[in-house]
Each structure stands twice: as C-alpha cells, then as structure tokens.
Amino acid sequence: MRRVLLGAAAAAALILASGCGGSDGAKQADPVVRVALDFTPNPVHAPIYAAVRERLDAHEGVRLRIETPGASPDSLKTVLSGRADLGVLDIHDLGLAVARGRDVVAVAALVQRPLAAIVAVGGVKRPRDLEGHKVGVSGLPSDPAVLEAVMQDDGGSIGKVQQVTIGFASVQNLAQGNVSAVPVFWNAEGVALRERGVKTTEFRVDDYGAPRYPEVVLVARRETLERRRDDVRAAVRAIAAGMRAVRARPEPAIAEIARAGDTDAGLVRAEMAATMPIFGTALDPAVLAAWNAWDVRFGILPRPIDVGRAFQPQG
C-alpha cells in the first residue's frame, strides 16, 4: 500500500513538474521576422540595426533577423521567394513590381521624402544650364525621369542633354570631370562627393515639381502580410522605435553601420546627419496618389497602379 501511495505521489509530482515545465515552455521564443536589405548597409538601414542592437524588437515581441545582400542585391526577389518576410525597396521598384503583377505590398516607409537629386559641377547653377552638357546615368529608368522632371520644371529640355551610361560609378565620374552632372541620392553619393572636396550644386527632385514621396519603403508579400499581420506590425513598431533611438544616440548607429558596410565612419557620420531628419514610417495616401501620377507622367510607371492595394500601412 505504501508503495502504491509513493507511486501515486511520484506520478503526481511528475505531472505537476510537467505542468510547470509546460507553463514555462509556453513562453516560446519570439517569432523571427527576416528583413532583406536592398544594398550595402547604410544610414537608411540604421533604424533596423538599432532595433536589433537595443532589443527594441524583443520589446515588441518579435526578433528581427537582418539579411544582408550579396553581390547582386535584390531584396524584392528575396521577399517574393519567401526567403525574407520584409524587404527594403525603392518606391519606384515597388511600383514597377506591382505594375508587372507581383503581389507585393508596402507596409511602412523608412524615409519621408525623395532622395533623388541631380548633382552637378562646374558652371551649372540651375537645371536648365545642363543643356549642351554630358549627364551620366546608371541605366535605371528613374534616372532619365528625374533628369527630365528637374530640367522641365526649370524650363530646360532633356533633349539638349547628352546622356552617357556610366553604371553606378557616379561619384568617380563626376569627381574626375567625365560628366557635368549625375542623378544620385543626395544623402549618399551627394554627401560622398562633398566629403571628397568636390564642389557641387544639388537639385533635389521635390524642389522641382515632384511630390514629397517616401523614397524607401518596407515591403512584404501579400500572403505574408495576411498570415503574419501581427508580426509585421510588431516589426514596424520596432523599426519606428529604432528611428527614435538613432536620433537620440547616433554614435552607436554610426559605428555599427560603418562596421556592417565596411565604410569610413566619418562618411557614415555625414550621411547619417543628412538622413536622420527624414526618418519616418508614415505612408500618406494623398502623397502616394501624387507620386503615382508623377511616376506615370515621367515614364517610370507604364500606367497608374492601385495605390490602396499596393500600400497598406502597418505602423
């Protein structure tokens, strides 16, 4: 009888222990949200890194895993293949993907204004002065569009410009005087040129007729958003918190981005100073509608896209 009672007590203790263990086990690890970068780590990505570094993602109940790009960055392909849950993407590339039938949706922005600008050297004081000059373009469809928009707003004609395809060697070609201007991001190549001592004149696209659209957005497959909406929202909140952290404590972010991107810390510091003021996750429907029309007008998009379907803010 004693053995039976002892056995029963042991069984009860085992069940109790199992129950306690089950309670602890219920506190499972936070779900992972994989975020694919679109380019070498740079200040636009700093809030994502800050969210991980300062455990702001854990505070929101998720774990961000940053997927850095390889030799040929393609965050859209990484997202569409399911190898990442979120991806950093230029808004024009999102529009083109949607126009081609890709079921991808923007869930937040990383910056709140265009980064595109025409950066010029020499005697070019205003956009229409580029008539008769060589302008280096990368081959992306947005480069001629930005050039045309900026020149047209100033009364100039892109037809009087000699466009030269230079790939992505814009800083080198402009610094060496091979071309008189290049379409670049003012917070990246524009800063790099100034840091190299090149005297430039900068024409930002939203100072010449473009709406203040968010240049860089976070995207997801629609299926991912519908299946993991709570995780996506938590990730966006964590990244928004990362923006606040970078503004409050920029030096750790500068050091981390310089290390992650194998870039000079002084250059990252200058780029960070240019980028921090425009951090933000908002996706304003009126601004997006204006961007949609602008992209169609200047030939970036072949036709308008359904903005309400392509942009679904999760902040």
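Which ones in region 291-306 are surrounded by fewer than 17 Cβ atoms within 10 Å (Cβ to Cβ) and either in contact with an Asp or Glu (Cβ under 9 Å, 6 or more places away or on another chain) or not in a helix (DSSP H, G or I) (or both)? Listed by number, the residues that qualify are GLY299, PRO302, ARG303, PRO304, ASP306.
Comparison of ARG194, ARG237 shows that the only residue that is among the basic types (Lys, Arg), in a helix (DSSP H, G or I) and surrounded by 20 or more Cβ atoms within 10 Å (Cβ to Cβ) is ARG237. Within region 59-76, being under 18 Å from ASP230 (Cα atoms) and either surrounded by 16 or more Cβ atoms within 10 Å (Cβ to Cβ) or not assigned by TED's automatic domain parsing to the domain that holds VAL219 (or both) holds for GLU60, VAL62, ARG63, LEU64.
Applying the condition of being free of Cβ contacts under 8 Å to residues at least 40 places away in the same chain and assigned to a loop (DSSP other than H, G, I, E, B) to region 165-191 and asking which residue is nearest to the chain's Cα centre (by Cα) yields PHE168. If you filter region 112-145 down to residues that are over 17 Å from LEU174 (Cα atoms) and in contact with an Asp or Glu (Cβ under 7 Å, 6 or more places away or on another chain), you find that the one that is surrounded by the fewest Cβ atoms within 10 Å (Cβ to Cβ) is ARG128.
Kindly indicate whether ASP93 is assigned by TED's automatic domain parsing to the domain that holds THR281 and either at positive phi or surrounded by fewer than 18 Cβ atoms within 10 Å (Cβ to Cβ) (or both). For ASP93, the condition - assigned by TED's automatic domain parsing to the domain that holds THR281 and either at positive phi or surrounded by fewer than 18 Cβ atoms within 10 Å (Cβ to Cβ) (or both) - is not met. You will find that of GLY87, GLY61, the residue that is assigned to a strand (DSSP E or B), in contact with a helix residue (DSSP H, G or I) (Cβ under 9 Å, 6 or more places away or on another chain) and at pLDDT 95 or above is GLY87 and no other. Among LYS160, LYS199, which is at pLDDT 95 or above, more than 26 Å from HIS45 (Cβ to Cβ) and exposed (fewer than 14 other Cβ atoms within 10 Å of the Cβ)? Sole residue among the options that is at pLDDT 95 or above, more than 26 Å from HIS45 (Cβ to Cβ) and exposed (fewer than 14 other Cβ atoms within 10 Å of the Cβ): LYS160.
The values are calculated or read from the model by the stated rules, or taken from the named source; none is laboratory data. All of these numbers come straight from a predicted model, not from anything done at the bench. Note that each Cβ is placed from the backbone with ideal geometry, even for glycine, and that neighbours are counted across all protein chains shown.
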